[in-house]
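See below for the structure under consideration.
The values are calculated or read from the model by the stated rules, or taken from the named source; none is laboratory data. Computed from a predicted structure; not experimentally measured. Don't worry about glycine lacking a Cβ; one is built from the backbone with ideal geometry, like all the others, and counts go over all protein chains shown. Note: accessible area is taken over every heavy atom of the protein model, side chains too, but ligands, DNA and RNA are not part of it. Shrake-Rupley method; radii C 1.70, N 1.55, O 1.52, S 1.80 Å.
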2 protein chains.
Amino acid sequence: MLAEAIFTGTELLLGQVVNTNAAFLGEQLAAAGINLFRQVMVGDNLERIKQAILEAKERADLVIIGGGMGPTEDDLTREALASALGLPLEEDPEAREHILGFFAARNRPMPRQNLKQALFPRGARPLPNPLGTAPGIFLSHQGKLYACLPGPPAEFQPMLTQELLPLLNSYRRQQEVIFSRVLKVTGMGESAVEERVRDLLAGTNPTLAPLAKTGEVHLRLTARAPDTAAALAVIEPVDREIRRRLQDYVYGADEETLEEVIGRLLAAMGWTLATAESCTGGLLAHRITNVPGSSAYFRQGLVAYANEAKIRLLGVPPEVLDRQGAVSDEVAAAMAAGVRRLSGTEVGVGITGIAGPGGSTPSKPVGLVYIAVDLQGDIQVRRELFQGGRQEVKGRATNSALDLLWRRLRIKAREEGSKNPSSPWCGPRS
Amino acid sequence: MLAEAIFTGTELLLGQVVNTNAAFLGEQLAAAGINLFRQVMVGDNLERIKQAILEAKERADLVIIGGGMGPTEDDLTREALASALGLPLEEDPEAREHILGFFAARNRPMPRQNLKQALFPRGARPLPNPLGTAPGIFLSHQGKLYACLPGPPAEFQPMLTQELLPLLNSYRRQQEVIFSRVLKVTGMGESAVEERVRDLLAGTNPTLAPLAKTGEVHLRLTARAPDTAAALAVIEPVDREIRRRLQDYVYGADEETLEEVIGRLLAAMGWTLATAESCTGGLLAHRITNVPGSSAYFRQGLVAYANEAKIRLLGVPPEVLDRQGAVSDEVAAAMAAGVRRLSGTEVGVGITGIAGPGGSTPSKPVGLVYIAVDLQGDIQVRRELFQGGRQEVKGRATNSALDLLWRRLRIKAREEGSKNPSSPWCGPRS
């Protein structure tokens, strides 16, 4: 079943409201195995809505329209649908009762124009709306299906899942689900990732699509199958093959974040973590503490902007600061070791760099960042040079620090794992 | 100028990514007086993208395409545009240099297919992209304008505002500007704000639209006029009236953030700041250090997750922790005072609370947060109880801390200001 969606609302075009229904609809239809291949947003204009419906019905078996179902003059979806299909609008007695009842139940007088919401194109049926006055519209006409749902997400989303999708099943030609898994890659650019999996991109079931995120690449595997178990059977071998080719770069899947995976590694080893940040200004600590339960392994974080802080709290030798400057590999290492000592943790991370726009010198440009990870006294430092504005540099430096931390913990965990293979962090995902 | 937008990306249709560029584009075009009357989302499919371009160019003067500009095989926008207009793709030497330079600057080998990003339809010009390898495309062809921008918001949004919009001005027919100003409100809910400005919401020039953001309410004033000066004359009186009614709640306008305004107040008073965070986990320090130049007044931040850290570094009395527990007004106050002492700053902020999902008790539910601000030893504590998940609580607690900090600094600044009215922080915006 091929579907197109039309969302009406001038406020959407003006960007005053983000159309969260669009993503929700996409997810729900994909999970239901309905192929949504176009979404259109138009303003509250009868002709334009009508035009969009006429175009959509030429291409799709199912046209879903969101918004424009209210009682006001710029709610025009029902008129546009009736006009596009050349059908008269007729009042539905049940819908009329529902609307009257809705106001009665709230002891509120009903504005006359609300009765407009009881009008339906001939042959259509109302979709119940427990949460508002506007019933939805469902219509099967000349071999095509049409559904109109109210725009407020609190009404659109339950009406979609509880009313429309079950109804659509009875019209489905094939029973099919679309199942997706996202493999998350850190430490490798999009095109380098693609070079390693190019042959797999030609696959049709599952399909494979790379998606660049800040500091990460996501590989989306999508399978079509009669049911979820069959879809998993389609995905698993390709999933394994990708992990084999990118084994040192795939850190997790689906909703997993790099900071969660790091948290699991730390928890599994019974290790604790402390951070000392300069140019990232607390973003690393923020991301680590976004993970529920992180208080079990995250002891403390320091944002040491001023040199005195680096010296007094972290014990960075003043002569190193003088000789190397605050942005140097030695200082990053001293920060990682210092915060580890200060906090009594097994792991310490130190970041120093120039986020810009100010603070650069010919030898130390904006975007130069040193990242140090200290595991029980064994320190590694990474040098990075990032492009972009202040917030991009902060974000990329934080991603790189998480990447280095993950790599080092993983190797450590593997060493331990070889001694004790039953350890939780030896699962395929770590 | 009539515009249509096309966004490409199967991940958009599958709802795996929310299309935030759509709302941003709508806002920006409206502000520029360009009438966007349709947005389309299609998958990564050459024929469908081409079809969408062919339809759009029949209706619009300007076609903007977002996404599909990457180096991979499912990045098809440049091919679709060239094919839709029957133009050959030709390599642009400058763009080629930019791409080679991008990789050289990172000492990374360039995958061959990245050179695809140097291809442009004949007659097109590149739009610079300092933040990525993909330049944008701008093309004037047979009386219509075409612009292709990369999909990642971090690249799409600056390229739109800094490159495309200025370029479009030279092609504008009608001389009317739509000028917007956003007044930013902190510390008051949307409906309370609306009550105070309800009569102004009926205005037509300027129009006034309230928009709820996390922890803030934004009031967008939009005026139509022949030029910016005339638009300003329309906006100013309403701006002044709103500020009069909401004087203790409007902290700034347009791109200003609360942390920037706080930074200006601190800089103007020559004061320095230090933070001690528990449940917000570094988010406060992160937001403060997002401001360019914040190193001038932000000395250091502490993320004191463990009690030992609160005791050893911040000098929170152990008996207070025992008696009151870590989440209490006394501990928040001791953290603010402690970090101020530790850092030798005029201002200290302390935050302690329960971000959840774990860690709550019957008397201390998830979302309970205490925020203390210490100005030269004068401490105020605020108690909050937030709804929502871990990240919502972190975000709202951080907003509340910035709100309290801003209020207290503002009062201080006014006292100073009354002694020295020429001080910079007495401007209308503070």
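Filtered by the rule that a residue be open to solvent by less than 20 Å² (accessible area, probe 1.4 Å) and facing chain A (nearest Cβ under 9 Å), segment B:42-59 gives B:Val42, B:Gly43, B:Ala52.
Criterion first (touching a Pro at 6+ places or on another chain (Cβ under 8 Å) and at pLDDT below 95) does B:Phe103 satisfy it? Answer is yes for this residue. Looking across segment B:279-299, the residues that are open to solvent by 10 Å² or more (accessible area, probe 1.4 Å) and not hydrophobic (A, V, I, L, M, F, W, C) come down to B:His286, B:Arg287, B:Asn290, B:Pro292, B:Gly293, B:Ser295, B:Tyr297, B:Arg299. List every residue pair whose Cβ atoms sit under 7 Å apart, with the two residues 6 or more apart in sequence or on different chains, where the first one lies in segment B:207-219 and is free of Cβ contacts under 8 Å to residues at least 60 places away in the same chain and the second, anywhere, is open to solvent by 30 Å² or more (accessible area, probe 1.4 Å) and assigned to a loop (DSSP other than H, G, I, E, B). Filtered contacts from segment B:207-219: B:Ala209/A:Gln16; B:Leu211/A:Gln16.
Look at (1) under 30 Å from the mean Cα position of the chain (by Cα); (2) open to solvent by less than 60 Å² (accessible area, probe 1.4 Å); (3) not polar (S, T, N, Q) and you find that A:Ile99 fails only one, number (1).
Every listed requirement among (1) open to solvent by 30 Å² or more (accessible area, probe 1.4 Å); (2) of a type in the set (A, V, I, L, M, F, W, C); (3) over 24 Å from the mean Cα position of the chain (by Cα); (4) more than 26 Å from B:Asp227 (Cβ to Cβ) is met by B:Val197 save one, (1). State whether the residues of segment A:149-170 include one that is at pLDDT 90 or above and in a strand (DSSP E or B). Within segment A:149-170 (the criterion being at pLDDT 90 or above and in a strand (DSSP E or B)), the answer is yes, since at least one residue qualifies.
Here is a check on your reading of the model: is B:Ala304 over 32 Å from the mean Cα position of the chain (by Cα) and open to solvent by less than 10 Å² (accessible area, probe 1.4 Å)? Here the answer is no, as B:Ala304 does not meet what is asked.
Do we find a residue being buried (at least 17 other Cβ atoms within 10 Å of the Cβ) and free of Cβ contacts under 8 Å to residues at least 12 places away in the same chain anywhere in segment A:175-191? Don't jump to the end; show me each part of the working.
As a first pass, look at segment A:175-191 and keep what is buried (at least 17 other Cβ atoms within 10 Å of the Cβ): A:176-191.
Next, from what is left, pick out any that are free of Cβ contacts under 8 Å to residues at least 12 places away in the same chain: A:191.
Yes, segment A:175-191 has at least one match.
Here A:Thr228, A:Thr222 are screened, and the one residue that is at negative phi and open to solvent by 20 Å² or more (accessible area, probe 1.4 Å) is A:Thr228. Note on segment B:186-288: enclosed helices (runs of 4 or more DSSP H) holding 1 or more residues that are within 30 Å of B:Glu176 (Cβ to Cβ) and away from chain A (no Cβ under 14 Å) are B:190-197, B:228-245.
Taken together, B:Leu25, B:Leu62, B:Leu81, B:Leu14 contain a single residue that is of a type in the set (A, V, I, L, M), open to solvent by 10 Å² or more (accessible area, probe 1.4 Å) and in contact with a helix residue (DSSP H, G or I) (Cβ under 8 Å, 6 or more places away or on another chain), which is B:Leu14.
Applying the selection to segment B:289-300, what residues are at the interface with chain A (Cβ under 7 Å from one of its Cβ atoms) and within 22 Å of the chain's Cα centre (by Cα)? Within segment B:289-300, B:Thr289, B:Asn290, B:Pro292, B:Gly293, B:Ser295, B:Phe298 qualify. Considering (1) open to solvent by 20 Å² or more (accessible area, probe 1.4 Å); (2) in a loop (DSSP other than H, G, I, E, B), say which one A:Gly132 fails and leave the rest. Here A:Gly132 clears every test but (1). Does B:Thr72 satisfy the criteria of being within 13 Å of another protein chain (Cβ to nearest Cβ) and among the polar types (S, T, N, Q)? Against the criterion (within 13 Å of another protein chain (Cβ to nearest Cβ) and among the polar types (S, T, N, Q)), B:Thr72 qualifies. Note on segment B:240-262: among residues that are among the hydrophobic types (A, V, I, L, M, F, W, C) and closer than 21 Å to B:Leu405 by Cβ, the one that is surrounded by the most Cβ atoms within 10 Å (Cβ to Cβ) is B:Ile262.
Elements of the type strands (runs of 3 or more DSSP E) sitting completely within segment B:1-102 and holding at least 1 residues that are under 25 Å from A:Ile178 (Cβ atoms): these cover B:2-8, B:35-42, B:62-66.
Looking across segment A:48-77, the residues that are touching a Phe, Trp or Tyr at 6+ places or on another chain (Cβ under 7 Å) and touching a residue at least 24 places away in the same chain (Cβ under 8 Å) come down to A:Val63, A:Gly66, A:Gly67.
Annotation for segment A:289-311: no member residue is assigned to a loop (DSSP other than H, G, I, E, B) and among the charged types (D, E, K, R).
The rows are residues; the columns are (1) within 14 Å of chain B (Cβ to nearest Cβ); (2) among the acidic types (Asp, Glu); (3) open to solvent by 60 Å² or more (accessible area, probe 1.4 Å).
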site	(1), (2), (3)
A:Leu76	no, no, no
A:Glu90	no, yes, yes
A:Pro111	no, no, no
A:Gln117	no, no, no
A:Pro126	no, no, no
A:Cys148	no, no, no
A:Met159	no, no, no
A:Ser170	no, no, yes
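With respect to A:Gln39, determine if the residue is within 14 Å of chain B (Cβ to nearest Cβ), closer than 25 Å to B:Leu2 by Cα and either in contact with a helix residue (DSSP H, G or I) (Cβ under 9 Å, 6 or more places away or on another chain) or not basic (Lys, Arg) (or both).
It is true that A:Gln39 is within 14 Å of chain B (Cβ to nearest Cβ), closer than 25 Å to B:Leu2 by Cα and either in contact with a helix residue (DSSP H, G or I) (Cβ under 9 Å, 6 or more places away or on another chain) or not basic (Lys, Arg) (or both).
Cβ separations smaller than 7 Å between residues 6+ apart or across chains give the following pairs from segment A:133-144 residues that are over 13 Å from A:Pro121 (Cα atoms) to residues that are among the β-branched types (Val, Ile, Thr): A:Thr133/A:Ile99; A:Lys144/A:Val63.
Give B:Val349, B:Val303 a once-over and let me know the one that is in contact with an Asp or Glu (Cβ under 6 Å, 6 or more places away or on another chain), within 13 Å of another protein chain (Cβ to nearest Cβ) and among the aliphatic types (A, V, I, L, M). Outline the logic, then answer.
Details: B:Val349 fails: in contact with an Asp or Glu (Cβ under 6 Å, 6 or more places away or on another chain).
Result of the check over B:Val349, B:Val303: B:Val303.
Going through (1) in contact (Cβ under 8 Å) with a residue 60 or more places away in the chain; (2) in contact with a strand residue (DSSP E or B) (Cβ under 6 Å, 6 or more places away or on another chain); (3) within 12 Å of chain B (Cβ to nearest Cβ) one by one, A:Thr398 falls short only on (2).
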